[in-house]
Every structure is written in structure tokens, then in C-alpha cells.
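**Student:** This is the structure I want to talk about, given as C-alpha cells.
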Amino acid sequence: MSRIAVLSALTVLLGAAPSLAQPSSGAPGPVPRNITSTGVTKPPSGGGAAKAPYTRASTEADMAKAQRAAAARDKAWDTKMRTTMGSICKGC
């Protein structure tokens with residue numbers, strides 16, 4: 001008798017699983033995608049009122065700042081290696 005009860009409970013649970021996995025009808029659906037004729041997916045349009053988060057001037061300034069920081073790190077690394085490895089290796 002217990003096998004029948006287990007099988008019926010399992011059948012009920014497996015039958016209800018797909019309906020439990022579906023989103024509720026009150027939940028908002030996915031954001032529609034803009035797909036071009038070539039198949040490229042574009043971000044959803046914000047209605048035209050939204051401004052792009054990045055401007056060319058700010059990204060160029062950030063890029064120049066990152067390049068200066070990288071140059072400073074390289075220079076500090078070279079100085080450190082020259083002082084620590086100077087007694088072992090004189091370079092090529």
C-alpha cells in the first residue's frame with residue numbers, strides 16, 4: 001500500500017512542477033530586444049529621453065589617466081627590478 005501512496009505523491013509533484021516553474025501572470029515580462037536586419041541584438045531603447053552614460057570626452061580623459069597610471073607602475077617596477085636584480089643581472 002505504501003508503494004501506491006509514494007507513486008501517487010510522486011506523480012502529483014512531477015505533474016505540478018512545470019506549472020510551478022512558470023512565472024506568475026502579474027510579473028512583468030522580459031524586456032523586448034531590438035534586433036537589426038543583420039541579426040545584431042541592440043539594447044532596448046529608452047524612449048529617446050535617456051542620455052548615453054559615456055561621452056567621448058570622459059572616456060578619452062579616463063583612457064589618458066589609465067595610461068599615465070600604467071606608465072607610473074611600469075617605471076616603479078623597472079626601478080624596483082633594477083635595484084633588486086642589479087647585483088645579479090646587468091641586463092642584456
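Every read-out reported here was derived from the displayed coordinates using simple, explicitly stated rules and does not represent laboratory data. Since the model is a prediction, treat every value here as computed from it, not as a measurement. Glycine gets a Cβ as well: all are built from the backbone with ideal geometry, and neighbour counts include every protein chain shown.
**Student:** Taking θ = phi - 60°, what integer Hz values does the Karplus form 6.51 cos²θ - 1.76 cosθ + 1.60 yield along the stretch 32-42, in sequence order, with x for Gly and Pro?
**Tutor:** My calculation for the stretch 32-42 gives x, 9, 9, 10, 6, 5, 8, x, 7, 8, 10 Hz in order.
**Student:** Another question, if that's okay. Taking 7 Å along the Cα-to-C-beta vector as the label spot, tell me the Asp78-Arg56 distance in nanometres, rounded to one decimal.
**Tutor:** Label at Asp78, label at Arg56, 3.3 nm between them.
**Student:** Between Met63 and Lys42, with labels modelled 7 Å along Cα→Cβ, what's the label distance in nm to one decimal, could you check?
**Tutor:** 2.3
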